[in-house]
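In what follows, a single structure is set out as structure tokens and then discussed.
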Amino acid sequence: MVDSSERSVLNICPFSHFDNADVETYEHNMSMAAWNLKAALDFLDRDDTHRFCIGQTTLLEGFQKLFPNYWDALQERILEGSLELVGGTYVMPDFVIPDGESIARQFLFGKRYAKQKLGVDIQTGWAIDSAGFCSQIPQILRLSGIDSLFFSRGMPYDGPSEFSLVAPDGSRVFAVWLSEGYDLAAWLSESKREAFSQVMLAIEKKMARNISGNLFLAMGGELVAPPMQLSEVIEAWNEFFGDMASTIVTPLEYVEKMKSVQARLPKISGPLLSNRFRHIASGGLSSRVELKLLNRRLESLLYVTEVCLALSQNHNRSKALDNVWKMLLFNQDHNIIRGICGDKPYRMALRRYTNAVEKADMILENELQTLATELMTKEGLGSILVVNPLSWVRTDVARVHLDDAKLGKNIEIVDSEGEIVPHQIIETENGFEELLFIAENMPSTGFRIYNVREGAEESEFDDPLECGDSWMESNELVIEFDEYSGSLCRLFDKTNGAEVFNGMAHTISVENEVGDLYAHDSSQLASEKQKLDSSRNEGDMAVIESGPVAAIAEIHSTISESPFTQRFTLYKSIRRVDTETNLNFKGVHRRVRLRFPTNTYSDRVVVGAQFGSETRFLGNPDCGSQRTSKDFPALDWVDCSGPNTGVCFSNVGLHEYSYQDGILEVTLLRSVDWLSHGKYDDQVATPLAKEEGMHTFRGSIIPHNGDWREAKVWRRSTEHRIPLLCSLIDGSLASDANRELSWLKIEGCDLCLSCLKPTENPHEYVLRLYEPCGNEGTSELQFHRELNSIELTDMCEETIGSVSFDGKKAEIHVDPHTILTLRVEFA
């Protein structure tokens, strides 16, 4: 592909790859990586022609602790350019499982550390071991001050090794595909003859894809020491081979060389998710599922905690919350979040998540109490503070955990208009009571106070949900259950007069699993008929709650010797069915899935993704969906739409789906007992990967009219994932307090809020918004206070422009798929 009349140049880039965890723990790997970096610094002192690159804040933090006397030497080499910091992230993360805000924080924390501690602005994207990329990665990189991406996994096309990667909004970065992997030349022989053979073999493999004449060869590997003899090998190479010069470069130096030809490079867009050339650890979408469930729980918890800090105007918890963010970001390392690690790193990751959730929960509870205390007096029976953390007005169920609080049967819930709101008290699985009511038109990114008062008699409300022995009905939906198995056998959407499913749905299926943590594999001797399905087993089903707000059905059954319980909750005036599956899994070498036979047949589905959505084209494994198996990734939701109607499936923390012949399946867990069978990694036993024990999965079935855009399914899924926050407090509303408040209203072109957090400066906040479905227009932002300034910033919160405003309002132009970060200061 290179013009033979031009002399080619071999650009060799020495590096050392660092895994925060794999078979071993961070501490083990850090000790080796630190010695390698020390050796590189010592060698750079002796050879000023040598180059080296490293990445990840966690590596730098560990190196400073182990070799503090080398910190000045590290900074000196970075500033002179012989050693480049690459990546710009806290760890080398996965770019498919974490949400968009987590990826933004990776660059915020990573680049901020490099600038504050070492005085350098990282400009090179380096994710050579990450298992694929979302379609928005070029825009994320650009907004983080990075204009290139070096990667090895996920490429769907048999194309060039250098190209422009384009995001849905048109942002582009220079991409370098290491098609043969990043460790093609990991170890360089000390013999020049053998070294020449190694390099020539690498050139032969890579040259066919090179279109610029500037060939990039990464020389290094996982915890590989720097090649001290490289300068001598290159000097000898240039003496013997006149048709290809060789030089040592950093990634940034290579990018600078390529700028003159970047405009002529081919353009590729869409997610990079293919197994076609390099494995992407696709089994990691469902391996060690508790990591995924905890990850999504913590991401959601951090979002609502920061919103509540903004509502209570608390600017003093930024550092405490930053520490929680770091725990989350560490666990989003490309090996850890995918679960492709040994049992010891896995246990440590679970403890890290648990600790982070406890800390964030404590901060959130304190902020809700602080907000309530500022609004309430001690007079009165009590009040309920309801917070809507989302950036649109919503009607949803409010759940108040009563715990030890005992309210009489003759209470009344009164809204801000003085109207009595129907309520219902139910018993939870742990024996506590929970008060439910429908909070209508909750203010966006705000709160409302409901009064609790004594009524004259026990509350009775008209129009409770209708229920029978095996069915439930609201004004929106009808659900029926099979009398033998208890399985959901019918979901009828009364709004559009359509059946949602054409058979037993939300059933649990179990199939053979002979893969490992890296990849799913099923026995070739097993047929589709050998799959077990819970609809074939006898189960007990009962409607356990019924009232004016909700009806709940519960099913108890067993599949493959694993007992499970399923709950289906139907609400009045809310067009969705919330589900909960509690599975006490027993066994090994099984893949467990939920099965939904829809009435929609299509060659594509739309899925939730980082800062938006993506389409999975199911007919061509190498185009569009970028995968070579029938399984595909999704974040939070999958939508199956026909010409006039559709159904959205929302699942919190589950990422592996398949869709064929109208049947959607979502993987709950994979039970294996090996890290790898030897194909992708060391053969290491992983008994904890058997997944034995209790697992809880939350989901929602959301029928709708029109397609996913018309139905705004991203809103419905987010409402399921992030419920209204409720707190029962003593006393009543103070006379001078707001009964309800909207911190931010957005009108016009739809924008989703990804982040709202107070900074350490009083009256100052950072907001991140994104356009979710490809529309262009104007949005009006209405704030609750008079504005002093609005700055447009990049993802690292560096100012890049200003936004005009008038009083409490600002109007901004919105491009399709754009991501906007604003710094707002109030007067």
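The values are calculated or read from the model by the stated rules, or taken from the named source; none is laboratory data. Not measured: the values here are computed from a predicted model. Here the Cβ is made from the backbone with ideal geometry for all residues, glycine too, and neighbour counts use every protein chain on show. These accessible areas exclude ligands, DNA and RNA; they are computed on the full protein's heavy atoms, side chains included. Shrake-Rupley method; radii C 1.70, N 1.55, O 1.52, S 1.80 Å.
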| field | Subset of the range 292-314 that is in contact with a His (Cβ under 9 Å, 6 or more places away or on another chain) and open to solvent by 10 Å² or more (accessible area, probe 1.4 Å) - its residue that is modelled with the highest pLDDT | value | Leu293
| Every residue from the range 603-631 that is buried (at least 24 other Cβ atoms within 10 Å of the Cβ) and modelled with pLDDT under 95 | Ser625, Gln626, Arg627
| field | Residue tally, condition touching a Lys or Arg at 6+ places or on another chain (Cβ under 6 Å) and either open to solvent by 40 Å² or more (accessible area, probe 1.4 Å) or closer than 18 Å to Asn335 by Cβ (or both), over the range 53-69 | value | 0
| query | Is the range 39-49 home to any residue that is in a loop (DSSP other than H, G, I, E, B), open to solvent by 30 Å² or more (accessible area, probe 1.4 Å), of a type in the set (Lys, Arg) and not assigned by the TED database to the domain that holds Leu769? | reply | no
| If you go through the range 116-143, how many residues are open to solvent by 20 Å² or more (accessible area, probe 1.4 Å) and within 20 Å of Arg768 (Cβ to Cβ)? | 2
| query | Considering the range 427-468 alone, what residues qualify as being farther than 18 Å from Glu412 by Cβ, not in a loop (DSSP other than H, G, I, E, B) and not small (Gly, Ala, Ser)? | reply | Glu427, Asn441, Met442, Phe447, Glu466, Cys467
| query | Do you know which of the residues in the range 700-719 that are open to solvent by less than 10 Å² (accessible area, probe 1.4 Å) and touching a Phe, Trp or Tyr at 6+ places or on another chain (Cβ under 7 Å) is nearest to Thr667 (Cα to Cα)? | reply | Ile701
| remark: Counting only strands (runs of 3 or more DSSP E) entirely within the range 647-711, those with at least 3 residues that are over 24 Å from the mean Cα position of the chain (by Cα) are 693-705
| If you go through the range 792-811, how many residues are in a strand (DSSP E or B) and within 27 Å of the chain's Cα centre (by Cα)? | 4
| said: Filter the range 172-215 down to the residues that are loosely packed, with under 15 Cβ neighbours inside 10 Å and among the aromatic types (Phe, Trp, Tyr) and list them by number. | reply: Trp187
| query | Taking the range 211-258 only, how many residues are within 35 Å of the chain's Cα centre (by Cα) and touching a residue at least 24 places away in the same chain (Cβ under 8 Å)? | reply | 22
| field | Qualifying position, being more than 27 Å from Ser754 (Cα to Cα), under 23 Å from the mean Cα position of the chain (by Cα) and crowded, with 21+ Cβ neighbours inside 10 Å, among Arg105, Arg153 | value | Arg153
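Consider Asn738 carefully, then state whether it is open to solvent by 70 Å² or more (accessible area, probe 1.4 Å) and touching a Leu at 6+ places or on another chain (Cβ under 9 Å).
The answer is yes for Asn738.
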| So Phe95, is it aromatic (Phe, Trp, Tyr), in the same structural domain as Leu184 (by the TED database) and at pLDDT 95 or above | yes
| said: Which residue is modelled with the lowest pLDDT, if the candidates are limited to the range 529-566 and must be of a type in the set (Lys, Arg) and open to solvent by 40 Å² or more (accessible area, probe 1.4 Å)? | reply: Lys529
| query | Looking at the range 768-790, which of its residues are more than 14 Å from Leu143 (Cβ to Cβ) and either assigned to a strand (DSSP E or B) or of a type in the set (Phe, Trp, Tyr) (or both)? | reply | Gly777, Thr778, Ser779, Glu780, Leu781, Gln782, Phe783, Leu787, Asn788, Ser789, Ile790
| task | Find the residue count for the range 479-516, including only residues that are over 19 Å from Arg593 (Cα atoms), open to solvent by 20 Å² or more (accessible area, probe 1.4 Å) and β-branched (Val, Ile, Thr). | result | 1
| note | Reported set for the range 64-83 where residues are touching a strand residue (DSSP E or B) at 6+ places or on another chain (Cβ under 7 Å) and among the charged types (D, E, K, R) is Arg77
| request: Take the range 469-478 and flag every residue that is open to solvent by 20 Å² or more (accessible area, probe 1.4 Å) and either charged (D, E, K, R) or assigned to a loop (DSSP other than H, G, I, E, B) (or both). | output: Asp469, Ser470, Glu473, Asn475, Glu476
| query | Quick check: is even one residue across the range 244-265 at pLDDT below 85, open to solvent by 50 Å² or more (accessible area, probe 1.4 Å) and not in a helix (DSSP H, G or I)? | reply | no
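Kindly indicate whether any position in the range 298-318 is under 26 Å from Asp129 (Cβ atoms), of a type in the set (A, V, I, L, M) and touching a residue at least 40 places away in the same chain (Cβ under 8 Å).
So far as the range 298-318 goes, yes, one or more of its residues are under 26 Å from Asp129 (Cβ atoms), of a type in the set (A, V, I, L, M) and touching a residue at least 40 places away in the same chain (Cβ under 8 Å).
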| said: Take the conditions open to solvent by 20 Å² or more (accessible area, probe 1.4 Å), in contact with a strand residue (DSSP E or B) (Cβ under 7 Å, 6 or more places away or on another chain) and either more than 18 Å from Phe15 (Cβ to Cβ) or not charged (D, E, K, R) (or both) and apply them to Ile234. Does it pass? | reply: no
| request: Tell me which of these Asn366 doesn't satisfy, since it passes every other one: (1) over 22 Å from Gly110 (Cα atoms); (2) crowded, with 23+ Cβ neighbours inside 10 Å; (3) of a type outside the set (Gly, Ala, Ser). | output: (2)
| task | Could you grab me the full set of residues in the range 322-351 that are touching a residue at least 60 places away in the same chain (Cβ under 8 Å), part of a helix (DSSP H, G or I) and among the aliphatic types (A, V, I, L, M)? | result | Leu328, Leu329, Met348, Ala349, Leu350
| Do we have Arg575 as closer than 30 Å to Arg338 by Cα, of a type in the set (Lys, Arg) and touching a residue at least 24 places away in the same chain (Cβ under 8 Å) here? | no
| remark: The residue from Ile722, Ile746 that alone is under 30 Å from Met376 (Cβ atoms), open to solvent by 20 Å² or more (accessible area, probe 1.4 Å), at pLDDT 95 or above and touching a Leu at 6+ places or on another chain (Cβ under 7 Å) is Ile746
| query | Looking at Thr395, Thr354, Thr373, which is the one that is outside any helix (DSSP H, G or I) and either surrounded by fewer than 16 Cβ atoms within 10 Å (Cβ to Cβ) or without any contact (Cβ under 8 Å) to a residue 12 or more places away in the chain (or both)? | reply | Thr395
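Find the residue count for the range 9-36, including only residues that are in a strand (DSSP E or B) and open to solvent by less than 10 Å² (accessible area, probe 1.4 Å). Can you show your working first?
If we filter the range 9-36 for residues that are in a strand (DSSP E or B), which is where we start, we get 9-15, 17.
So of that shortlist, the ones also open to solvent by less than 10 Å² (accessible area, probe 1.4 Å) come out as 10-15, 17.
Of the residues in the range 9-36, 7 are in a strand (DSSP E or B) and open to solvent by less than 10 Å² (accessible area, probe 1.4 Å).
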| Do we find that Pro156 is within 26 Å of Ile54 (Cβ to Cβ) and in the same structural domain as Gln56 (by the TED database) in this structure? | no
| message | Given the options Val249, Val255, Val173, Val224, name the one that is β-branched (Val, Ile, Thr) and closer than 24 Å to Arg338 by Cα. | response | Val224
